[in-house]
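Data block below; observations after.
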Amino acid sequence: MNNKRRFHQKRSKQVTILKHLLRGNSINSVEAFKFFNTTRLSSSIKSLRNMGYKITTYFEGNSKLGNYIMVSGNLTDNKDLYKSRCR
């Protein structure tokens with residue numbers, strides 16, 4: 001079993017964040033700390049991007065707090081990528 005498949009079968013914070021994004025939800029660092037007890041959301045997002053997931057960053061209004069989301073066009077691509085790595 002290769003490392004990418006093993007990663008997707010673990011119940012890590014990154015996998016939990018990935019599943020949250022795959023459901024079409026957005027997340028920011030405050031929500032990540034509150035719901036997933038992680039203080040390094042940007043690091044998790046970078047790791048997921050390096051694995052090939054297409055995650056977009058956007059800012060609301062004058063906020064400096066970045067929100068991460070998988071946009072609808074990329075959402076099906078990301079779901080297919082996730083399924084192929086879980087087998």
> Taking the highest mean first, how do the peptides 29-41, 53-65 order by number of other beta carbon atoms within 10 angstrom per residue?
Replying inline: 29-41, 53-65
>> Under 5 Å between amide hydrogens, which residues at least 5 positions from M70 or on another chain qualify, with H placed 1.01 Å from N in the peptide plane?
In response: T56
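Values in this text are rule-based calculations from the coordinates and carry no lab data. Fair warning: this is a prediction, and the values are worked out from it, not measured in the lab. Ideal geometry is used to build each Cβ from the backbone, glycine not excepted, and the neighbour counts take in all protein chains shown.
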